[in-house]
1. Those residues that are over 18 Å from the mean Cα position of the chain (by Cα) and not in a loop (DSSP other than H, G, I, E, B), I need them from segment 42-62; list them, please.
2. Just wondering, is there one or more residues in segment 440-450 that are farther than 30 Å from residue 508 by Cβ and either touching a residue at least 40 places away in the same chain (Cβ under 8 Å) or crowded, with 18+ Cβ neighbours inside 10 Å (or both)?
3. I'd like to verify a number: residues in segment 559-579 that are surrounded by fewer than 24 Cβ atoms within 10 Å (Cβ to Cβ), closer than 23 Å to residue 357 by Cβ and more than 31 Å from the chain's Cα centre (by Cα), how many?
4. Among the residues of segment 334-385, what is the count of those that are among the acidic types (Asp, Glu) and in a loop (DSSP other than H, G, I, E, B)?
5. For segment 413-456, give me the residue count where each residue is of a type outside the set (Asp, Glu) and touching a Lys or Arg at 6+ places or on another chain (Cβ under 7 Å).
6. Condition first: modelled with pLDDT under 95 and either assigned to a loop (DSSP other than H, G, I, E, B) or of a type outside the set (A, V, I, L, M, F, W, C) (or both). Now tell me which residues in segment 660-673 satisfy that.
7. Among the residues of segment 207-217, is any of a type in the set (S, T, N, Q) and under 20 Å from residue 274 (Cβ atoms)?
8. Which members of segment 290-338 meet the condition of being hydroxyl-bearing (Ser, Thr, Tyr) and free of Cβ contacts under 8 Å to residues at least 40 places away in the same chain?
Amino acid sequence: MKKYFMFLILLTASAFGQYLSNLNATKDDPVYSTYAAPLSRSEFIVDQGYQFIWYDNERPIEYQTDQAGNIGIAFRLNNNLRTQLLQYYKKPVVTASYSDIVKYYYYPFRDIRIDVTFQVYSSRIAIQDLKITNEGILNAELSVYPYINHTTGKFDDIKLTDVKDGFLFHHKENPDGWMKEHNIPFQEDLLNAFILSSSVDAYGTYNQFEKSKVKSDSLFVKDLKIKTLWQKNAEGINKVIALQKNLSIRPKQSVDLRIIKGVTEGNKKAEDLLTQCRGLMKEDLNKYIKEDEKTYAAIPKLNLEYKDQEMVYWNAFSLIRQNMLPPEGKCSYNYYVFSREPQWGWGHGGQVFHESLVMLAYAFMDPVSAMNSQRVYMERQWDDGYINYRTGPYLDEQITTNGQNTSSAPWYNWQNWEIYKVTKDKDFLEDAYESGKKFYNYYVTNRDKDKDGLCEWGAHAVLESVRDAFVAVWDEVADPANFEGVDVNSMLVSEAKALEAMAKELGEDDEAEEWKDDAAKRTELIRKFMWDKETDFFYNVDMKDNDFTYKTTNDIKRKEIIGFLPLWAGVATKEQAAELLKHFNNKNEFYRPNGVPTLAANDPYYNPIGYWNGPIWVPWQYLIFRGLMDYGYKKEAEDLTNRVIDNINWNLKQNHWFWELYSADEYQAGWNKSYIWTGIVARMLIDLYK
């Protein structure tokens, strides 16, 4: 029956087409256009991802990389040159887009149509397939100039390949300070191949794409305008590598051209890299579209009212999927990084519980992969129950502070239970329950210094609390280790409830009662000490005497987003929930144009695009959303979802990235791009409309 059901899903996908295979999207649509290798052909150390630049009139159409240069194409027809998007007769239209592949078409000239399939085939190889059609009535004498432009470095040891189908060359990549400090393996010297499906007619290497400070240097664009490429940059500062292919295309005829960029370790044999690249010159890329359709077929199909919401929904899954990598190093299971293009140290070390919140959405797309990501934590768990702050293929990050090892915010059991509710995999549940019990017991044992039943953040408390910069109380009162946290204790209530649900599902009724009692006791303590009747809001309390004063009277009473977590954890009474809703709806506090800010807008420390002092962090919007739903405030939950998506949508239309955080008040986003955890916005829509 299960096989038959999957057959129907795939048949439906094939018969009616997946949403992302049937686009008609322009730059003004919210398409996520960063691409990386599929899970099955990805790796950690040598890994090239590409940001598709197709929306900036002042630039060419390019595939931009972090440190390896940008791949582009220039065209010349009858001495008429096209190098920038603003010069094109018709701008690109995207017809299909998945995490690893994009299809689109455009017209650089009136009668010249270019159909493109670009696939990041693997972490080492990218393929660009061009079908060039002459739709006019006269022969077209067209020159095509594939190039790589290195904007931040240069290319070295450049050689033409032996049969003159392209270039071999080296480039350098530099790990950032965080990766060096944490001994994350990184390949600095890389050998490249840049080849065509047929021999080139000319080639050149240049100092600059357009402008040069050295008068004697040849300029790439200048050469394109006046003659055939056949230049060698005399200064040896090679920033542009260009090939030329001359095509004579009859009316109503098409010509195919394939461009392949490959990369490997600098000490590997060039012939091996060329063999791999040339072996893909006839590869059928359409089959990879079909593979993606099968992968995406499990995603719930929602009846969404707005086209832009639907586009955001499907592209959110591409963001998540793109950041998944297969087993490697210490990881026996697939894992994720925060971002693959661009690569940056903090986001490339491995998994953290708060980023793993996104697995609650990903479980619908690939339940096995989502469960395996959580198993990465299980296999690295210490005997005493401790789980690292960050866990990756080459990293076990503990950060020992004051004799304690830093863990991550305790969302672990809740995540596992929510994933199980999607997958219904009992083997996973059994393993998760055993691991989860150990982690919970470790955490409550080591994070309650005064043994009063309420916990505080420990070890490197700022990092463990998630809110790791620009927190009003942390910055202006004291370190979080000094407070019993309404956030950490709400999380622990949710953890105990999740363990109770797991125990019931596994038939461990006696243990379930113990977890239920544990959650109830902590709930009562939160209500007793952390609810302020004067302001009707939840706050942290001083660890010494459980009041709201640390140095000066009521200095801990700062209205932060953590005051809503008792809604998500089911801690708030109905009366308290009603009072919290007033704060939620107060435009001077937490009802901002784009969601619930991390700090009330009337606090003097508020900054709508700061860090944890005002901006919108989408996973935390989901937590509040769930609380609203659980307390029966569906209308408010839907309104919150719409406001959050509105800003995500606007930014996708501007630069086609998902961002780490978003402004609470303006159409703006910031800090790090291609950031995995914003993909949880898809789960908000599933919970509303599935």
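1. Within segment 42-62, just 62 meets the criteria.
2. Looking for residues that are farther than 30 Å from residue 508 by Cβ and either touching a residue at least 40 places away in the same chain (Cβ under 8 Å) or crowded, with 18+ Cβ neighbours inside 10 Å (or both), one finds at least one in segment 440-450, hence yes.
3. 1
4. 4
5. The qualifying residues number 2.
6. Matches in segment 660-673: 670, 672, 673.
7. The first filter runs over segment 207-217 and keeps only residues of a type in the set (S, T, N, Q), leaving 207-208, 212, 216.
Next, from what is left, pick out any that are under 20 Å from residue 274 (Cβ atoms): none.
So far as segment 207-217 goes, no, none of its residues is of a type in the set (S, T, N, Q) and under 20 Å from residue 274 (Cβ atoms).
8. 306
The values are calculated or read from the model by the stated rules, or taken from the named source; none is laboratory data. Every value quoted in this text rests on a predicted model; they were computed, and no experiment measured them. Neighbour counts are summed over all protein chains in view; Cβ atoms, including those assigned to glycine, are modelled from backbone coordinates with ideal geometry.
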